[in-house]
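Asker: Below you will find the structure I want to go over with you.
The values are calculated or read from the model by the stated rules, or taken from the named source; none is laboratory data. Small disclaimer: the values here were computed from a predicted structure and weren't measured. Glycine also receives a Cβ, built like all others from the backbone with ideal geometry; neighbour counts cover every protein chain displayed. The area values use the complete protein model at the heavy-atom level, side chains included, leaving out ligands, DNA and RNA. Shrake-Rupley method; radii C 1.70, N 1.55, O 1.52, S 1.80 Å.
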Amino acid sequence: MARDMVRRWIVAAVAALLLSAALTGCTKANEEQPEPEPRKEVVRLDYWTPFSGGDNQFMTEMVERFNKEQSEIVVVQTNSRLDDYYTRLRTAILSGNAPDIAIIHTTSMPQFVQNGYIEDVTAAAEQVGLDLSQLNSNIRESTEYNGQSYAVPLDTHALVMYYNKKHLRQAGVLDEATGKPLIEPGEQGFRQFLEQIRQAIPADVAPMAMPSTRIDSVWLWWSLYNQLEGGGIFYNEQGQAAFNNPQALRALAFIDELYKDGLIGANINDSFKLFYDGKAAVLFLGMWGTGAFEKSPELELGVITVPVLYDRPAQWGDSHSLAIPKKHNMTDEKRRAAMLFSKWMVEHGELWAQAGHVPSMTKVVESEAFNRLEYRNDYAAAADYVVYWPRHPKQWSMIEILIAEFERMIYDKQTPEEALRHAQLKVDAALEE
């Protein structure tokens, strides 16, 4: 009987345990469980750029870093040659195959805005917390039309003056305390600066390097023309060419004299390589050369903004801007992703500054990271004095006319007066087409 009682007690205890476990299981099964987070699809952004050389390397590194730092957006970069980049971009937009985001130079923006090829990004920037007022006002305004922003400017890349301290020291025109060139005021002061260099350096070194072809002389002319009081006019109020004037002639005649007197080396094809190899004392080129020149073993590099030869500081410049092409299937999700990418890019402008450009965001230019970069601070102020080309849908075609006429002047086929007169006539004719 005792054994039966023990057996019944064990059976009862086991039953109780099983019942308790069952009840506990039911309670847990009936408890409200948190819903699993919905899996977010990665947003892919097709990104087109027109970079070459060092610029492309730095841009690629930035894209890779952005992709690594977050997991919601993947940017896929496609880089093309600048020669046919804008033709390809316009064709892609018109055919409905545009990228989600693209680099557009400020000079090329008017045709994209006028034709409705790119979106107004004012509201989209605000939605992701990108305060465009934090960008340098001169750079920002270059992308604004009727008070609205049509792109997020990434930088300015202006004309600057590079110099080889070794050659300037040899000529006695280098301030050793500051590392800056010693240039007296005005045209005559700059001529004398180059003359002293020519007298001191080897015969196979150019006092100043500038190609006999290409756009470089046009950049320098536009810079000096805008330094003159009353200068910088390209079109009049009626929309006709108006650059055949005394100020424009003064600036161009000065450049012509530098060529004719041999202060700019004759028949230079590749001024970049000449300076890189230590065979030129002075070079006028855009900021994008800095990243390459600082690696040259033949250079003791220095760089400043374009010297003020006339009435006020001014230098040619352009900007790389991030724009959203018009697309038939552009979703809000992709638009937001494109603006988040743009925000990250301008906030990390010190990375792009490694290529030589001046970042558009003021706090980046003031940051320790930017100021640790050598040389960039020597010309960062240029952002405030950049003179962009006029806003005209055909402006690049007009610049090509100037290039052709200036080349004829450089090769002594016409005078500066004739170059300006012929260029103005051809620009007016092109405007009527």
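Asker: Apply the Karplus parameterisation 6.51 cos²θ - 1.76 cosθ + 1.60, with θ equal to phi minus 60°, to every residue of region 239-250 and state each ³J(HN,Hα) to the nearest whole Hz, in sequence, with x for glycine and proline.
Answerer: Those phi angles translate into x, 9, 4, 9, 8, 8, 9, x, 5, 4, 5, 4 Hz.
Asker: Further, regarding this structure: Rounded to the nearest 10 Å², what accessible area does Ser80 show when all protein chains are kept and the probe is 1.4 Å?
Answerer: Roughly 20 Å² of Ser80 is accessible to a 1.4 Å probe.
Asker: Same structure again: Dipole of the chain, Cα-centred, from +1 at each Lys and Arg C-beta and -1 at each Asp and Glu C-beta, to the nearest 20 debye?
Answerer: Details: 41 positive and 59 negative charges, 287 e Å.
Dipole magnitude for the chain comes out near 1380 debye.
Asker: In region 60-136, carbon and sulfur make up what percent of the accessible area (probe 1.4 Å)? Present the calculation step by step, with values, prior to reporting the outcome.
Answerer: Details: 1620 of 3630 Å².
Summing carbon and sulfur atoms, their accessible area is 45 percent of the total for region 60-136.
Asker: Beyond a 29 Å Cα-Cα separation, which of these cross-linked pairs lie in this structure: Lys279/Lys413; Lys295/Lys363; Lys363/Lys394?
Answerer: Working: Lys279/Lys413 27 Å; Lys295/Lys363 27 Å; Lys363/Lys394 35 Å.
Over 29 Å Cα-Cα: Lys363/Lys394.
Asker: Give the separation of the Cα centroids, region 51-89 to region 285-356, in Å.
Answerer: 13 Å
Asker: Another question about this same structure. Note down the net charge around Arg335, summing +1 for each Lys or Arg and -1 for each Asp or Glu among other residues with Cβ under 15 Å from its Cβ. Numbers along the way, then the final one.
Answerer: Details: positive: Arg44, Lys326, Lys327, Lys334, Arg336, Lys343; negative: Asp46, Glu72, Asp100, Glu119, Asp120, Glu126, Asp332, Glu333.
For residues surrounding Arg335, the net value is -2.
Asker: Tabulate in residue order the Karplus-calculated ³J(HN,Hα) for region 409-425, using 6.51 cos²θ - 1.76 cosθ + 1.60 with θ = phi - 60°, rounded to whole Hz; enter x for Gly and Pro.
Answerer: Running phi through 6.51 cos²θ - 1.76 cosθ + 1.60 with θ = phi - 60° gives 5, 4, 8, 6, 8, 7, 8, x, 4, 5, 4, 5, 5, 5, 4, 5, 4 Hz.
Asker: Near the amide H of Ala206, under 5 Å away, which other amide H atoms are found, from residues 5 or more places off or on another chain, if H is placed in the peptide plane?
Answerer: Amide H neighbours of Ala206, under 5 Å, 5+ apart: Ala280, Ala281.
Asker: Any chance you could check the Cα centroid distance between region 419-433 and region 151-189 for me, in angstrom?
Answerer: 34 Å
Asker: Relative to the Cα centre, what is the charge dipole magnitude of region 219-335, using +1 at the beta carbon of each Lys and Arg, -1 at the beta carbon of each Asp and Glu, and rounding to the nearest 20 debye?
Answerer: Values: 10 positive and 14 negative charges, 88 e Å.
In total the dipole reaches around 420 debye.
Asker: Shifting gears a bit: Treat region 212-274 as a sphere of radius equal to its Kirkwood radius over Cα pairs and apply Stokes-Einstein at 37 °C in a medium of 0.692 mPa s; give the translational diffusion coefficient in µm²/s, rounded to a whole number.
Answerer: Numbers: Rh = 12.9 Å.
D, rounded to a whole number, is 254 µm²/s.
Asker: As I understand it, the dipole of the chain uses +1 on the Cβ of Lys and Arg and -1 on the Cβ of Asp and Glu, about the Cα centre. Which of Phe234, Ala281, Ala123 lies farthest toward its positive end?
Answerer: Result: Ala123, furthest along the dipole toward the positive end.
Asker: Sticking with this structure for a sec: Helix 332-347: angle to the longest alpha-carbon principal axis of the chain, degrees 0 to 90, nearest 10?
Answerer: For helix 332-347, the angle is close to 60 degrees.
Asker: Ranked from the most accessible area to the least, with a 1.4 Å probe and all protein chains present, what is the order of Glu405, Glu366? Each step should come with its number before you reach the end.
Answerer: Details: Glu405 5, Glu366 135 Å².
These residues rank, largest area first, as Glu366, Glu405.
Asker: Okay, next question. Translational diffusion coefficient, Stokes-Einstein: compute it for region 247-398 using the Kirkwood radius over C-alpha pairs as Rh, at 20 °C and 1.002 mPa s, and state it as an integer in µm² s⁻¹. Walk me through the numbers on the way to the answer.
Answerer: On the way: Rh = 18.5 Å.
It diffuses with D of about 116 µm²/s by this estimate.
Asker: Could you give the dipole magnitude of region 267-359 about its Cα centre, charging the beta-carbon of Lys and Arg +1 and that of Asp and Glu -1, in debye to the nearest 20?
Answerer: Values: 10 positive and 11 negative charges, 113 e Å.
For this selection, approximately 540 debye.
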